[in-house]
Amino acid sequence: SSGAPLATGGATVEFRSLRREFGATTALDGLDLTVEPGELLALLGPSGCGKTTALRILAGFETHDAGEVLVDGEDITRIPAHKRDAGMVFQSYSLFPHLTALDNVAFGMRMRGIAKSERRGRAQELLELVGLPQRAGHYPHQMSGGQQQRVALARALALKPRVLLLDEPLSALDAKVRLSLREEIRRLQQELGITTLFVTHDQEEALSMADRVAVLRAGRLEQCSTPSELYARPATAFVAEFVGTMSRIPCERSGDGVEVLGRRHEVDGTVPADGALDVLVRPENVGLRPCQQSGAAADGRALVVSASFLGGVTRLTVRLSDGTEVKADLPTEEAAGLPIGGAAEITLPQRPVLVDRRLATA
Ligand code: ATP
């Protein structure tokens, strides 16, 4: 939108071969990643994969051992934190408890020597932007967690930063507030066109908010794609299993494809040359229909072991004769025809998503 008074424009952020070690722990093992101007990029990955460390190095709260971080082509790692033009919001409410919402938002402007009337006007405008025009005089303890995070967001935007850094900003909030703030952060970010990095370990949050999602694993980039691409075409089994739900079913090599449950399938990507194999399938791609007996002999025969109601669909878990458990999402009315303890016949999509080496069992 044109003429937004608070628009900051988007910077490009590049992490290049970024390394950080803490004693024997390698937090970042050569991270390469580019964030495009105006993009909301989610950094997603399991605990300890280096997400927060990458963000803190960009913000200037953490040092690095090697590599560089460029903002609009300039290496910012030698610039002190307060001169980096980054606004940051943390997981826990980090507002100053003795300052009102308005003074919290205006704090950075005060440090910069911006005149009182200007900073108060601007702080009020920012509180309106985050939907809290009536809360200017309230102290943090008089506000809900969600309201405090809105104030923290307004404060992060107050100095018109070139990049917005959000470190699990919704994790401490209850589910309903989390959902509404998700939408609000996204709307605001798009309105301002500000380049934003969003750290989360919640894959649903990442997929629903981000333009692109960078999946990190052990300090490296595993894949960076749009949410739909990541979901439909995961580059590795790690991504496939981290994003969404996957079941693993043992399979055998068959030509350039695999045989699973008595049928031959083509494969996306390559089939590992040696070792035992599994196919990975999403619950929505598994078909189930009732059948007469749970005879162990037939391929694709399974026993329904549990059901969880998810609204329009019900997720059934079935067990194959070798003990493998497979999840299948069925329209709830169809799932009603497959009671727990009953027998079912499984069908898989013609192209399984991925084939991976079977995991060693403990
Ligand atoms: P989480 O979601 O749990 O915060 P993360 O992906 O953000 O995980 P980081 O916080 O970046 O991961 O940590 C990466 C690794 O570096 C972890 O093994 C962590 O224990 C370690 N680490 C991070 N900061 C420090 C520190 N100051 N001192 C020692 N080890 C650290």
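We did not get these values from a lab; they are worked out from the coordinates using the rules stated. These figures come from a predicted structure and were not determined experimentally. Note that each Cβ is placed from the backbone with ideal geometry, even for glycine, and that neighbours are counted across all protein chains shown.
Values as computed for the structure displayed
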{"read-out": "Positive-pole candidate from A218, M246, G131, dipole of the chain, charges at beta carbon", "value": "G131"}
{"read-out": "Theoretical FRET efficiency, 1/(1+(r/R0)^6), r = Cβ-Cβ of R233 and E21, R0 35 Å, to 0.05", "value": "0.60"}
{"read-out": "Charged-residue dipole, Cβ positions (Lys, Arg, Asp, Glu), the chain about Cα centre, Debye nearest 20", "value": "1160"}
{"read-out": "Distance between modelled label sites at F309 and S321, nm, 7 Å Cα→Cβ extension", "value": "3.5"}
{"read-out": "Highest-MSF residue in the chain out of E325, E333, E241 [GNM, Cα springs under 10 Å]", "value": "E333"}
{"read-out": "Of C49, C291, C251, the one that fluctuates the most in a GNM where the chain has Cα springs shorter than 10 Å", "value": "C291"}
{"read-out": "Cβ-derived FRET efficiency at R0 51 Å, R253 paired with E14, nearest 0.05", "value": "0.80"}
{"read-out": "For the stretch 13-237, convex hull of alpha carbons as volume per residue, Å³", "value": "126"}
{"read-out": "Net charge, E266 excluded, C-beta distance under 10 Å - Lys, Arg +1, Asp, Glu -1", "value": "0"}
{"read-out": "Nitroxide proxy distance, nm - points 7 Å out along Cα→Cβ at L99 and A276", "value": "5.9"}
{"read-out": "Extension gain, R289 back to K160 (0.36 nm per residue minus Cα-Cα distance, nm)", "value": "40.7 nm"}
{"read-out": "Segments 12-21, 77-86 sorted - mean Cβ within 10 Å per residue, highest first", "value": "12-21, 77-86"}
{"read-out": "Sequence ranges 201-213, 262-274, ranked by mean other-Cβ count within 10 angstrom, highest first", "value": "201-213, 262-274"}
{"read-out": "In order through the stretch 34-46: 3J(HN,Hα) via Karplus (6.51 cos²θ - 1.76 cosθ + 1.60), integer Hz, x for Gly, Pro", "value": "10, 9, 7, x, x, 8, 9, 10, 8, 9, 10, x, x"}
